[in-house]
């Protein structure tokens, strides 16, 4: 069944169904999920609610696909061809995916275009190109070393980027030969259904792909399921701890991409005119709902007021409003609880001595939707709660330092280690500082990271790597095959 979402002019496939083992099926239990627009608070559509019984069916199909089906045993070139067709179908659906995500997440349409047609395409096309060239089987003289798919994979995706996360988690797992149960966030119903429909054009064998945009009950049920061999997740530390508690009894593999409290160090000689756009965007994009947000801006005390004024000018120049208006720079937060949490963090920071340099409230003139102004907190000490815990909202902290050693200490004084940035007039100076920051990625005079290279965290920002060759091999196990008399026969 294709149901129209009138407000988006969008045909939604399978609104009354669940996508299991490559087909739309009648749900095992009654129940619906309301899809609410964060920009209007209107009910858009009701869709079928996946249940634990649907999760059982998805895992059983994935288990059979791995244990008995052709997917793990298929030549890599054949798997790559099927995955590439899936990517083709996703790219053909970008128009609908862009609108769907803008509506369900509140992201401005132009932000979705950048994340989908730019970042996602780069990531999955790089993976498709890499897969056939990886060392799946190596002759090491006295043994053959093979890379084999690790098993059934549960991929838990968040609502702040379901399409890029397909590129970072699901596509690499598929290329490695693993059947995947994709557990989308319950707020990602529109994109989840469109992605599932696109997968039909790939031509996957039965059981290789299932999509369950489900709530916490189903997520926890899947994580605990004995039929799941590996869990890959993007989420918070609390979610990761719960996953580890549920997977440890059976020693299931995990790959954890968790939160961050990412620092941006500005050196004394930095040219603000050159770096302000990347710094300001890197610290406020998508209403702060990105794990690599540069949420701690560490600046020389001598230039503190200058940086504060420049950031205030940038943040207050941003247009807040309808995500479908081309003039909009920032939409609402994706869910009401995110705005409530953001308000609590700002109030707590002020009570600890921080000063609101700009923002810090709901925008005037907008009565509906989960809107909140991009916020800069000044006079922040790195020990304040807002500097130590991830807000996942549009809040950046401005922190002063007296010398570069202190700046590096402040940058590293966090339980997180996902991303960072260093801005300096001299690239060599920035690189020297970058080498001393404990983080899985560091931008040098730029914000963000490459989705064609390995990405992940250290410390409490998780383990494992996504993207690049390492992102595919993350879903494999290494097998040693000792050969009597040597393995030279491979070259015959």
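No value in this document is a laboratory result; all are computed from the given coordinates. Predicted, not measured: the structure shown is a model, and the values here were computed from it. Heads up, the Cβs are rebuilt from the backbone with ideal geometry, glycines too, and the neighbour counts pull from every protein chain shown.
Using only Cα atoms, locate the centre of region 291-362 and the centre of region 114-174, then give the distance between them in Å, rounded to an integer. A separation of 34 Å, based on Cα centres.
Restricting the count to DSSP beta bridges whose residues both fall in region 263-444, what percent are antiparallel, rounded to a multiple of 5?
Values: 3 of 20 bridges.
Beta bridges within region 263-444, antiparallel portion: roughly 15 percent.
Can you give the convex hull volume of the alpha carbon atoms of region 82-225 per residue, in Å³? Show your work: numbers first, answer last.
Numbers: hull volume 15.5 nm³, N = 144.
Spelled out: Cα convex hull of region 82-225, divided by residues, is 108 Å³.
Computing FRET efficiency as 1/(1 + (r/R0)^6) for residue 268 and residue 140, where r is the C-beta to C-beta distance and R0 is 45 Å, gives about 0.30.
If you take the square roots of the eigenvalues of the alpha-carbon gyration tensor of region 263-444 and sort them as a ≥ b ≥ c, do you get rounded (a/c under 1.5), prolate (a/b over b/c) or oblate? Because a/c hits 1.5 or more and a/b exceeds b/c, region 263-444 counts as prolate. Protection proxy ranking of 305-317, 90-102, 170-182, 257-269, by the mean of other Cβ atoms within 10 Å over each peptide's residues and highest first, is 170-182, 257-269, 90-102, 305-317. Placing pseudo-labels 7 Å out from each Cα toward the beta carbon at residue 224 and residue 324 gives an inter-label distance of 4.2 nm.
Extending 7 Å from Cα along the Cβ direction at residue 368 and again at residue 413 yields two label points whose distance is 4.7 nm. Reducing region 67-108 and region 369-429 to their Cα centroids gives an inter-centroid distance of 35 Å.
From the P(r) of region 50-163, could you give the percentage of C-alpha pairs in the tail past 19 Å?
Details: 4057 of 6441 pairs.
Tail of P(r) above 19 Å: 63 percent of Cα pairs.
Computed extension length for residue 317-residue 453: 45.6 nm, one decimal, from 0.36 nm per residue of separation with the Cα-Cα distance subtracted. Against the chain, whose longest principal axis is taken from its Cα atoms, helix 304-317 shows a tilt of about 70°.
Per-residue ellipticity at 222 nm from helix content only, as computed over the chain with -39500 (n - 2.57) for each DSSP H run of at least four residues, stands at -10000 deg cm²/dmol.
The order of 82, 195, going from fewest to most other C-beta atoms within 10 Å of their C-beta, is 82, 195.
State the antiparallel share, in %, of DSSP beta bridges confined to the chain, rounding to the nearest 5. It would help to have the intermediate numbers written out before the result.
On the way: 29 of 62 bridges.
If I count the DSSP bridges inside the chain, around 45 percent turn out antiparallel.
Name the residues of region 387-412 whose amide N is less than 19 Å from a point 7 angstrom out from the Cα of residue 435 along the C-beta direction? From region 387-412, the list is 404-409, 411-412.
Above 13 Å lies some portion of the pair distances; for region 107-150, what is it as a whole percent of all C-alpha pairs?
Numbers: 644 of 946 pairs.
So the pairs more than 13 Å apart make up 68 percent of the total in region 107-150.
For region 32-102, the alpha carbon convex hull comes to 109 Å³ per residue, rounded to a whole number. Sorted fewest first by neighbouring Cβ atoms within 10 angstrom, 366, 36, 297 come out as 366, 36, 297. When each of the peptides 240-249, 436-445 is scored by how many other beta carbons lie within 10 Å of its residues on average, the order from highest to lowest is 436-445, 240-249. As I understand it, the value is the acute angle between the Cα axis of helix 52-67 and the longest principal axis of the Cα atoms of the chain; what does it come to in degrees, rounded to 10? Orientation of helix 52-67: about 60 degrees from the principal axis.
With an a/c value of 1.5 or above and a/b not larger than b/c for the gyration tensor axes a ≥ b ≥ c computed over the alpha-carbon atoms, the chain is described as oblate. As a calculated quantity, the FRET efficiency between residue 74 and residue 304 at R0 = 56 Å, using C-beta atoms, amounts to about 0.45. Would region 328-391 count as rounded, prolate or oblate if I go by the C-alpha gyration tensor, calling it rounded below 1.5 in a/c and otherwise prolate when a/b exceeds b/c, oblate otherwise? Because a/c hits 1.5 or more and a/b exceeds b/c, region 328-391 counts as prolate.
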